[in-house]
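S.K.: I have a structure here, written as structure tokens, and I will follow up with some questions on it.
The values are calculated or read from the model by the stated rules, or taken from the named source; none is laboratory data. The model shown is predicted, which means the values in this text are computed figures rather than measured ones. Don't worry about glycine lacking a Cβ; one is built from the backbone with ideal geometry, like all the others, and counts go over all protein chains shown.
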Amino acid sequence: MEDIQIVAFRLANEEYGVNILNVQEIIRPTLVTRVPKAPNYLTGVINLRGNVVPVVNLRKRFGINKEKNNDNNTRIIILNVSDLKVGIIVDSVTEVQQITKEDIEEPNLIEFLDNKYVQAVAKHDNRLIIILYLQEILELGSENTVKTANSKE
Amino acid sequence: MNKSEYMDLFIEETREHLQFLNEGLLQIEKKPDDDGPINEIFRAAHTIKGMAATMGFEQITEITHKMENLLVKIREKDLVLSTAISDVLFGCVDTLEQMLENIIQGQKKEIDISYLITQLNNFENPVHISKIATINESINNSWNELNEYEHTLIVEAQKQNLNIYRFSINVSSDCVMKSVRVFMVFKSLEGIGEIIKSVPSSQDLEDEKFDNEFTVYFVSSKDKENIRKIINQISEISLENLEVYSYENTENTEKTAGGLEQEESNETTNYVKTKIHQTVRVDINKLDNLMNLVGELVINKTRLEQIFRTNDVASLNETVEQIDRITTDLQNVVMNVRMVPIEQVFNRFPRMVRDLSKELGKEVNLSLEGKETELDRTVIDEIGDPLVHLLRNAIDHGIENPEIRSGKGKNKAGTIRLIARQEGNSVVIIVQDDGQGISLNKIKEKSLEKGVVTNKELEQMDQNSILNLIFSPGFSTASTITDVSGRGVGLDVVKSKIQALSGNVYVENKEGEGTKFTIKLPLTLAIIQALLVKLGTEIYAVPLANIDETTGITDDLIKNIQGQEVMVLRGKVLPLVRLSEIFEAGGSEKPDEIYVVVVRKGEKQIGLVVNELIGQQEIVITSLGKLLSGIPGIAGAAILGDGKVSLILDVGTLF
């Protein structure tokens, strides 16, 4: 992995990050239309200036049981992953952070951390930020990143 | 100069000319005495040759050159067009199409054309080649270099009161790609008349085997000034020695009989060979973008109307109405631009039917009706395959062998009618054959055998339902699997494809007399009229095209038959579906005020129970995207006037 910039956000008690190149924009919560019979982690769709964009509930995706109502800090991060626009609901957006490659640990180097949604863990200011593997979260197939991971070994 | 700039043009035009070739060949096969088509295909082959040579596609040049030679002989009646010859010519066209396809895909594959070339050579009488004038080394200032054939052409032209010109074109010596200039000259000349001959020959010119000057013999209805103007539009060349030619006596056709004349002759009107299409080629993506923008405009228009209605600002009234009108007009125009005549799809069928019926030893006449009917571009792109399938079925299963047909007292040649027409907001395409029809007993047997239905189910079915079993997955009646059809992936694919286009397909059948498939498609896919309904707190849109009617009932009218809720509507039993239960939308109907939306899916009618009817609205269909695709009952989403996203019901997959 190289130096990256991430958008860091909070969800439940953890801090997560996504590569800033995948972030299109961050918006306040808006009305979400439920889509019946959709996978349960897909909350529904929103109207983003005339575009219909699906929204993922990360709590449900990560199996966090505790639900939380939207408050003043709740945001929807609109991501652009493999030409696909999708929103994720987060508790709050903390900051944009530069992470140097020395601070990044690949998950397979960390014992007992075996989670397909985690691409890496970044150490920063004594915090640990979980960098998410968006392709896997959105079930877009995993070829690309697996290859990069292997090539690093 | 960069050749790739011309690549798109080359591909488009070659495709067009290949289509001409195909059509022309079919025509002369039917009417060998008609001179029109042979000239047309000759010209098409010639144009392809010229373009391919310029672009450096040698194989295409070679094939078309040989084709041209053969066609000349046919045109001059030195050779009678036999089936064998037309087969070879068709083979050439196929190979050319294949080559073009390779070019488009950027593959540098060489196709083996030696077989075709040998065959072409066999038919072409080698003696004839000497007749086609060899290159005259010196350009002398007389008309002597014309051979007999070219003289006849000139005599013909003169009979039609056309002007005959001879002129030299001087290509400037610092021109980098002379052949391109030549090509451009030929191209613009062909636009206004006919080139009889060039010295050196066009082949040599294309290969740049000339110095800086070449001579052209040219027939046109245009006057001198016009020609001068057109030639001078091309840079790096100049026109010299423009002479008008006339015969004193057409009977006295010796090569020296020509006299020169500087006078300009009158314009004639009976020369109508040049067709000018005032069209622009536009990338389909641009049109899609335009359509999206119009879609957004429609969304915002609806919002504006809603704001206006709730706030009632009187002064806004006029503007809102204006915007409404303009948006509607704009939408119609953009929609029209996207409309393409179905001809594009139909055109490939005569050839396909010919080949197929020949292969199967059947005689089939294909009649095409309503070729000019227009459909949205996206529908056109998708409808080809289902139609091919239906036609193949008709030829393979429908039309009987000639002997059987005459035995039955039918015309030996079967007829397949392909009809397209517009009906209101839909387009109807009919594929009808006068073959043996579908045997209901065979359907029963097959569907039992394939496990499509059980015996018990079959007993309860009426004739129509049995007939519709042919659309079930895994059903195919052909007892032997042929190359053509009968691989078990048949009509169900046709049906699902058409349903994916929001259309429907019906079948009518008369055993022994033929089958008729009717496909009904919406004119356009992007913007539709829909009825908004409320389920609990959620709003859904039901496409108006699917709705037969709406009705309000009370609770006590709902009856139960074997656990299925039904109601009686004008004496007919109508099964009911509570949408809010299917979609888990919550909210229950008031018992004294239940709304039922009667929707149609093929032959079936069903009543959708909803909480509330909101009203009719124009909606723009937006896809839900990859993550949410394939949810049964949901066709997409639409953004409503208040900015909320509403889901569009897909009646086809709902039940």
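S.K.: Return the residues of region B:85-113 that are exposed (fewer than 15 other Cβ atoms within 10 Å of the Cβ) and in contact (Cβ under 8 Å) with a residue 24 or more places away in the chain; say none if nothing qualifies.
M.R.: Matches in region B:85-113: B:Ile104, B:Glu110, B:Ile111.
S.K.: If I go through region A:60-73 residue by residue, how many of them are within 17 Å of the chain's Cα centre (by Cα) and over 20 Å from A:Asn22 (Cβ atoms)?
M.R.: Residues in region A:60-73 being within 17 Å of the chain's Cα centre (by Cα) and over 20 Å from A:Asn22 (Cβ atoms): 4 in total.
S.K.: Can you tell me which residue in region A:25-82 is farthest from B:Val645 (Cα to Cα), limited to those that are among the charged types (D, E, K, R) and at the interface with chain B (Cβ under 9 Å from one of its Cβ atoms)?
M.R.: A:Lys37
S.K.: Return yes or no: is B:Gly435 touching a residue at least 24 places away in the same chain (Cβ under 8 Å) and not assigned by TED's automatic domain parsing to the domain that holds B:Glu16?
M.R.: It is true that B:Gly435 is touching a residue at least 24 places away in the same chain (Cβ under 8 Å) and not assigned by TED's automatic domain parsing to the domain that holds B:Glu16.
S.K.: With the structure loaded, tell me whether B:Asp548 is within 29 Å of B:Thr518 (Cβ to Cβ), of a type in the set (D, E, K, R) and either within 14 Å of chain A (Cβ to nearest Cβ) or part of a strand (DSSP E or B) (or both) or whether it fails that test.
M.R.: When the stated conditions are applied, B:Asp548 passes them.
S.K.: So for region B:123-136 (the condition being under 29 Å from the mean Cα position of the chain (by Cα) and either modelled with pLDDT of 75 or more or among the β-branched types (Val, Ile, Thr) (or both)), does at least one residue qualify?
M.R.: No, region B:123-136 contains no residue that is under 29 Å from the mean Cα position of the chain (by Cα) and either modelled with pLDDT of 75 or more or among the β-branched types (Val, Ile, Thr) (or both).
S.K.: Can you say whether B:Leu569 is surrounded by 13 or more Cβ atoms within 10 Å (Cβ to Cβ), among the aliphatic types (A, V, I, L, M) and more than 10 Å from chain A (Cβ to nearest Cβ), as far as the supplied structure shows?
M.R.: It is true that B:Leu569 is surrounded by 13 or more Cβ atoms within 10 Å (Cβ to Cβ), among the aliphatic types (A, V, I, L, M) and more than 10 Å from chain A (Cβ to nearest Cβ).
S.K.: OK, next. Going through region B:552-572 one residue at a time, which ones are within 14 Å of B:Val596 (Cβ to Cβ) and in a loop (DSSP other than H, G, I, E, B)?
M.R.: Within region B:552-572, B:Thr554, B:Ile558, B:Arg570 qualify.
S.K.: While we're here: Which one is surrounded by the fewest Cβ atoms within 10 Å (Cβ to Cβ) among residues in region A:50-64 that are within 30 Å of B:Asn300 (Cα to Cα) and modelled with pLDDT of 85 or more?
M.R.: The selected residue is A:Asn57.
S.K.: May I pose another question? Tally up the residues in region B:310-360 that are surrounded by fewer than 12 Cβ atoms within 10 Å (Cβ to Cβ), among the charged types (D, E, K, R) and more than 30 Å from B:Lys286 (Cβ to Cβ), please.
M.R.: 2
S.K.: Here is a follow-up. When you scan region B:594-612, do you find a residue that is more than 45 Å from the chain's Cα centre (by Cα) and outside the structural domain of B:Gly414 (by TED's automatic domain parsing), even just one?
M.R.: yes
S.K.: List the helices (runs of 4 or more DSSP H) that sit entirely inside region B:158-242 and contain at least 3 residues that are β-branched (Val, Ile, Thr) and within 30 Å of B:Gln59 (Cα to Cα).
M.R.: B:178-192
S.K.: Keeping to region B:74-98, report how many residues are among the acidic types (Asp, Glu) and in a loop (DSSP other than H, G, I, E, B).
M.R.: So the count comes out to 2.
S.K.: For region B:62-72, which positions are farther than 14 Å from B:Ala44 by Cβ and either surrounded by fewer than 18 Cβ atoms within 10 Å (Cβ to Cβ) or among the β-branched types (Val, Ile, Thr) (or both)?
M.R.: Hit for region B:62-72 is B:Glu62, nothing else.
S.K.: Which fully enclosed helices (runs of 4 or more DSSP H) of region B:294-401 have 2 or more residues being at pLDDT 85 or above and within 30 Å of B:Val494 (Cα to Cα)?
M.R.: B:343-346, B:349-359, B:377-393
S.K.: Please work out which one of (1) away from every other protein chain (no Cβ under 14 Å); (2) touching an Asp or Glu at 6+ places or on another chain (Cβ under 9 Å); (3) farther than 25 Å from B:Ser502 by Cα is the condition B:Tyr595 fails and give its number.
M.R.: Only one criterion is unmet by B:Tyr595, namely (3).
S.K.: Surrounded by 12 or more Cβ atoms within 10 Å (Cβ to Cβ), more than 14 Å from every other protein chain (Cβ to nearest Cβ), touching an Asp or Glu at 6+ places or on another chain (Cβ under 9 Å) and modelled with pLDDT of 85 or more: is that true of A:Thr94 in this structure?
M.R.: Yes.
S.K.: Give the residues of region B:607-655 that are within 9 Å of chain A (Cβ to nearest Cβ), crowded, with 21+ Cβ neighbours inside 10 Å, at pLDDT below 90 and within 28 Å of B:Leu569 (Cβ to Cβ), sorted by residue number.
M.R.: B:Ile634, the sole residue that qualifies.
S.K.: Within region B:97-109, identify whether any single residue is touching a Ser or Thr at 6+ places or on another chain (Cβ under 6 Å) and at pLDDT 80 or above, and answer yes or no.
M.R.: Yes, there is a match, as at least one residue in region B:97-109 is touching a Ser or Thr at 6+ places or on another chain (Cβ under 6 Å) and at pLDDT 80 or above.
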